[in-house]
Amino acid sequence: MVYLDNAATTWPKPEAVYRAIDTAMRQHGANPGRGAYRMSVDAEALVDGTRQAVASLFNAPNAQRVIFTLNCTDALNIALKGLIKPGDRVVTGPFEHNSVTRPLHTLQRTGAQVAVARSNSALGIDLDHLRALCREGVDYVVVSHVSNVTGCVAPVKEIAAIAHAHGGMLILDAAQGAGALDIDMQDMGVDVLAAPGHKGLYGPMGTGVLVLAAALPVQPFREGGTGFQSESPGQPTEYPWRLEAGTPNLPGIAGLGEGVRFIRSAGIDAIAQQEALLAQMLADQLRKVDNVSVFCDQVPGTGVVSFRVGTVGAALTGTILDSSFGIAVRTGLHCAPATHQAIGTFPEGTVRASFGAFNTESDVDALVAAVRQIGTASYH
């Protein structure tokens, strides 16, 4: 199979990730931070090692404010619902994933104000409009680093500067950016970062991180055992225990740690350049195929390319690619309906190909050849 759905979850994983998960289950299978015996202590050291690795990757100010979550959606929900109060004003971008828009919709119903910045002609955020909205008042700016439909990269440092200039904080949805692009929280001005473990960080599903630049008063909605301050009736206020109640996903965290070490070893810039090169090759070749529409930057900065094949529906195109050519892509709205409304592909969506560290030029060739055949055949 040619796997081109890395924007949903990267596959395959590095061998070290598989080994780490197996080793954690077989050799470190005790509850971390809950016992004084060696297996529990070793399990806690494994968790702390991954916490340090994630903090280093994002240049986070304090590893104790790296919170392990279920996924990026979970991290965003913890941050948005734990910080935004009735009366707070939120400015968000035009291309947000449902992991941002749905929590904000709920928060609006309970009294938060939400304003949406317009898009520009280059499939990006209109910064002038964003700035104007922030001038009207802003507590939080919430944007995605990279569109999961077009692969377009937001100017995070500029957006952070705009937010800070008007007294707001930046919450970054790094679902597509983490591991695929270099993220320096301190240099870029990111106050809160949410990221999945199973995408560009090459960890397993069921892992994610929430990283805080400062000890913000995020209100926990999950409370319980932490192995810390057990005598207190209330949830600890210190990080990470404030937001980490219950037994953590030790095998997942072990795999996530090895995924982070893999991308650090391979080099984020090298991975990013390879993925962008494959996306450029795909986009250039698809633009030469009759009746194919391509939706991405003229010069892709990531490995994401969306397209449509003539009158063949996106869902049917994906089914044919899988059943007749053994190529796995993602079709539909990609949980980002606002993006498709902006690029004119709503409600059907697009076909999305997304590259990872293990894809090659032969995968591009296979997809282009298949699209050519689909475009010249009659499918109803």
At a Cα cut-off below 15 Å, give the aspartates and glutamates reachable from Lys157, other chains included and same-chain residues fewer than 8 away excluded.
Asp126, Asp128, Asp173, Asp182, Asp184, Asp187, Asp191
Please give the contour-minus-distance gain from Thr247 to Asn31: 0.36 nm per residue of separation, less the Cα-Cα distance, rounded to one decimal in nm.
77.1 nm
Please report the relative contact order for the range 267-376, taking Cα pairs under 8 Å with a sequence separation of at least 6, and give it as a percent rounded to a whole number.
30
Taking the DSSP beta bridges in the range 15-266 as the whole, what percent of them are antiparallel, to the nearest 5?
40
Could you please rank Val41, Val100, Val143, placing first whichever residue has the fewest other Cβ atoms within 10 Å of its Cβ?
Val41, Val143, Val100
Exactly which trypsin sites (Lys or Arg not before Pro) in the range 263-296 are in a DSSP loop and have at most 12 other Cβ atoms within 10 Å?
Arg287, Lys288
Would you please state the base-10 log of I(q)/I(0) at q = 0.19, 0.26 1/Å for the range 149-196, with intensities from the Debye formula using one equal scatterer on every alpha carbon?
-0.58, -1.01
Which longest run of the chain has no exposed loop site in it, a site being GluC sites (Glu not before Pro) in a DSSP loop with at most 16 other beta carbons within 10 Å, and the site itself not part of the run?
1-135
Return the Cα extents of the chain along principal axes one, two and three, sorted largest first, each rounded to a whole Å.
70, 54, 34
For the range 1-110, which chymotrypsin sites (Phe, Trp or Tyr not before Pro) are both in a DSSP coil and crowded by at most 11 other Cβ atoms within 10 Å?
Tyr37
Degrees between helix 15-27 axis and first principal axis of the chain (Cα, 0 to 90, nearest 10)
30
Compute the helix-to-body angle for 98-109: its Cα long axis versus the longest principal axis of the chain, expressed 0 to 90° and rounded to tens.
60
Once each part is reduced to its C-alpha centroid, what is the distance from the range 65-127 to the range 140-201 in angstrom?
12
How large is the charge dipole for the chain, taken about the Cα centre, if only the Cβ atoms of Lys, Arg (+1) and Asp, Glu (-1) carry charge, to the nearest 20 debye?
520
Between Ser121 and Leu216, take the C-beta separation as r, use R0 = 51 Å, and let me know the FRET efficiency to the nearest 0.05.
0.90
Against the longest principal axis of the chain, how steep is helix 250-266, in degrees 0 to 90 to the nearest 10, with axes from Cα atoms?
60
For the chain, set up a GNM with springs between Cα atoms under 10 Å and report which of Asp173, Asp191, Asp322 has the largest fluctuation.
Asp322
Do any trypsin sites (Lys or Arg not before Pro) in the range 112-199 lie in a DSSP loop with no more than 16 other beta carbon atoms within 10 Å, and if so, which?
Arg118
Taking 0.36 nm per residue of separation and subtracting the Cα-Cα distance, what length does fully extending His164 through Arg102 add?
19.9 nm
Given a Förster distance of 35 angstrom, what is the FRET efficiency for Glu348 paired with Asn62, based on the Cβ-Cβ distance and rounded to 0.05?
0.20
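No value in this document is a laboratory result; all are computed from the given coordinates. Not measured: the values here are computed from a predicted model. Backbone-built Cβ (ideal geometry, glycine too); neighbour counts: all protein chains shown.
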